[in-house]
Amino acid sequence: MPARIVVLGGGVGGTLVANLLSARLGRDARVTVVDPTGMHVYQPGFLYLALGQANGRRLVRDERTLLRRDVDLVVEEAIRIHPDAGTVQLRRGGSLAWDHLVIATGARLAPERVPGLASGAHDFYSLEGAQRLREELRRFRGGRIHVGVAGIPYKCPPAPVEFVLMLDDLLRRRGIRERTELTLLSPLDRAFTIESASRLVEPIMERRGIRLMTFFNIESVDPSAGVVTSLEGEKVETDLLIAVPPHRGQRVIEESGLGDASGWVPTDRATLEVEGHERMYAIGDATNLPISKSGSTAHFEAPVVVSRIASQIRGSAARANYGGRVMCFLETGGRRATVLRFDYHRPPVPPRPSFAWHAAKRIFNRLYWETVPRGRVPELPRGGEEGAER
Amino acid sequence: MGATVEVHRSIDARGMPCPGPLMSLIGAVREAEVGQVIEVWSTDPGSATDIPAWVRKAGHDLVEVEETPEGTRFVVRKAR
Amino acid sequence: MTRDRDDGRNPLPLVLFSGTDDRLTAAAVLAVGAAAMGRRVHVFLQYWALDAFRADRIAKDHGAAPEAGPEGRAAMQRHGGQHWSELFRQAKEVGEVRITACARSMEMLGLSMEDLDPLVDGQEGVASFLLAAGDGGITFI
């Protein structure tokens with residue numbers, strides 16, 4: 001009797017887990033992915049879309065085409081998880097039974113939590129948001145642009161820095177950089193949380209005349225006055241605010257009573273088990289781990305969950321642990337990028353920004369559909385230290 | 001010996017440089033009610049300066065800083 | 001996690017024969033791209049490409065292929081970009097790129113390893129290069 005495994009969420013984590021489980025367990029398991037839209041979105045592309053460098057159509061694919069043949073796909077919203085009964089309730093009334101559950105539900109945007117944000121700011125955190133921002137930037141003729149953060153945690157910590165540097169490139173290409181005042185509103189006392197990376201980008205920002213305001217966490221926006229207020233008590237006036245919206249866990253998590261105060265799933269940092277539930281795992285943006293909410297995190301977590309579920313099914317001792325491995329590119333403008341590679345034991349040592357790392361990121365973007373979701377995990381470019389978890 | 005402070009939310013950010021202990025603390029303070037206490041565990045040497053700096057600027061209370069072999073524990077009360 | 005890098009995973013064997021800047025830049029960009037994709041790159045330097053990697057000559061102007069003509073050269077100048085030696089350096093940082101000198105060409109040109117830029121990792125014969133290249137095709141620039 002095959003083990004029934006349900007994977008909630010068809011994003012990068014869910015898709016990879018489902019494919020790896022199916023490849024590993026074959027007939028010993030029946031794997032089902034549940035996703036509300038059945039469409040797989042390559043979110044790292046939004047930033048490029050907003051800057052006019054990517055086509056929205058190429059960022060979305062039918063999830064069915066990314067899953068192995070023997071993985072089932074149910075296109076429905078899961079509304080409730082019942083851990084004791086081992087079921088998941090679906091919006092249209094049905095229910096799925098599971099022996100093992102993988103929560104890969106990601107994060108949702110909650111701009112309504114910050115007064116004035118929805119009407120007073122743009123963002124590149126959704127397809128629609130990125131498209132609207134692209135149009136706004138096309139119309140932009142000069143003025144004050146502020147790029148900031150209205151909630152933590154958020155997906156892709158480097159994104160605001162990348163955006164402001166690449167926006168600087170765009171404004172220069174259009175010949176309107178002189179007429180634009182560009183400011184990064186950082187939640188911290190430096191441009192980026194990783195100090196060594198911050199030391200790389202701050203001189204670049206300074207050379208390009210990009211202002212840095214520190215300890216500025218957006219608290220509210222007055223859309224008509226164009227005023228942005230920080231929770232540290234400061235205000236700025238702007239003509240165009242681009243802000244990372246607040247993020248929360250998905251409603252199914254909250255409504256199942258499984259989430260913390262922000263809807264994130266309490267998860268063990270090594271085993272990736274949902275705390276208190278040994279047949280339930282969580283990966284990717286959905287967890288409460290204070291780790292990067294990035295595709296690479298889900299990508300490196302997936303094999304650990306697969307290994308542990310396989311051990312449970314086969315009755316062997318689970319040995320795989322997630323070692324905290326993360327790998328993120330950081331575009332630094334001017335067709336250069338650096339890379340942030342780290343794990344729980346090895347801090348990042350970002351290389352000097354180069355064209356080669358920028359090429360690596362662009363190539364990764366292009367190859368994504370052929371590699372990551374299908375479980376053909378490419379050996380990501382290394383060139384140095386690496387965290388290998390077993 | 002002082003009374004133990006009741007912690008409403010505990011964040012173990014040891015070995016997690018990104019988003020990092022300070023960012024995670026800021027996120028938790030944003031979501032908390034005034035008066036609630038958040039603790040953050042960090043192995044990042046920069047936390048010793050940047051956490052107190054933000055707490056001061058944002059007008060909250062740094063209740064305790066405890067150094068242990070496993071990392072440093074910062075306890076913050078949301079004051080406003 | 002299983003390392004899905006089967007060692008034959010499309011390694012890119014590149015034989016560099018030409019010593020002009022345009023061809024060397026084209027080769028370097030290929031190397032960067034392949035390295036970025038996680039492919040192993042094995043560059044084999046022969047004749048005038050080997051000559052261009054001499055420590056005392058690497059940064060000098062190596063001109064362009066005849067078909068470039070004056071317009072071609074002007075276009076290259078306008079396009080700018082980094083020197084091919086820097087691109088090879090970056091490619092090595094990003095992935096596995098090995099650059100070796102053809103032993104026969106070394107002999108012909110009267111060179112030893114000390115004469116070459118540190119980008120060159122060693123020297124080998126044709127047979128050794130071909131063996132390492134495996135069953136796939138070889139690109140000749």
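The values are calculated or read from the model by the stated rules, or taken from the named source; none is laboratory data. The structure displayed is predicted, hence computed values, not measured ones. Reconstructed Cβ throughout: ideal geometry from the backbone, glycine too, with neighbour counts over all protein chains shown.
Overview of results
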quantity: Given (1) in a strand (DSSP E or B); (2) over 26 Å from A:Ile291 (Cα atoms), index of the condition A:Gly175 fails; calculated: (1)
quantity: Number of the exception - B:Glu31 against (1) at the interface with chain A (Cβ under 8 Å from one of its Cβ atoms); (2) farther than 15 Å from A:Pro187 by Cβ; (3) surrounded by 14 or more Cβ atoms within 10 Å (Cβ to Cβ); (4) without any contact (Cβ under 8 Å) to a residue 40 or more places away in the chain; calculated: (2)
quantity: The lone exception for A:Asn55 - which of (1) farther than 20 Å from A:Ser311 by Cβ; (2) at pLDDT 95 or above it fails; calculated: (2)
quantity: Test: residue in region A:115-137 that is over 23 Å from A:Pro246 (Cβ atoms), in contact with a helix residue (DSSP H, G or I) (Cβ under 8 Å, 6 or more places away or on another chain) and either charged (D, E, K, R) or not in a helix (DSSP H, G or I) (or both); calculated: no
quantity: C:Ala101, sole failed condition from (1) touching a strand residue (DSSP E or B) at 6+ places or on another chain (Cβ under 6 Å); (2) away from chain A (no Cβ under 14 Å); (3) in a helix (DSSP H, G or I); calculated: (3)
quantity: In region A:343-371, residue farthest from the other protein chains (Cβ to nearest Cβ) [restricted to those that are in contact (Cβ under 8 Å) with a residue 60 or more places away in the chain and aromatic (Phe, Trp, Tyr)]; calculated: A:Trp369
quantity: Residues being over 19 Å from A:Gly14 (Cβ atoms) and surrounded by fewer than 16 Cβ atoms within 10 Å (Cβ to Cβ) - total across region A:96-112; calculated: 1
quantity: Residue match in region A:149-164 (condition: surrounded by fewer than 17 Cβ atoms within 10 Å (Cβ to Cβ) and either more than 24 Å from the chain's Cα centre (by Cα) or within 14 Å of chain B (Cβ to nearest Cβ) (or both)); calculated: no
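Table: residues versus (1) touching a helix residue (DSSP H, G or I) at 6+ places or on another chain (Cβ under 8 Å); (2) closer than 18 Å to C:Ala28 by Cβ; (3) at pLDDT 95 or above; (4) buried (at least 16 other Cβ atoms within 10 Å of the Cβ).
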position: C:Pro70; (1), (2), (3), (4): no, no, no, no
position: C:Ala75; (1), (2), (3), (4): no, yes, no, no
position: C:Arg78; (1), (2), (3), (4): no, no, no, no
position: C:Trp84; (1), (2), (3), (4): yes, yes, yes, yes
position: C:Arg89; (1), (2), (3), (4): no, yes, yes, yes
position: C:Leu111; (1), (2), (3), (4): yes, no, yes, yes
position: C:Gly125; (1), (2), (3), (4): yes, no, yes, no
position: C:Gly134; (1), (2), (3), (4): no, no, no, no
position: C:Ile138; (1), (2), (3), (4): yes, yes, no, no
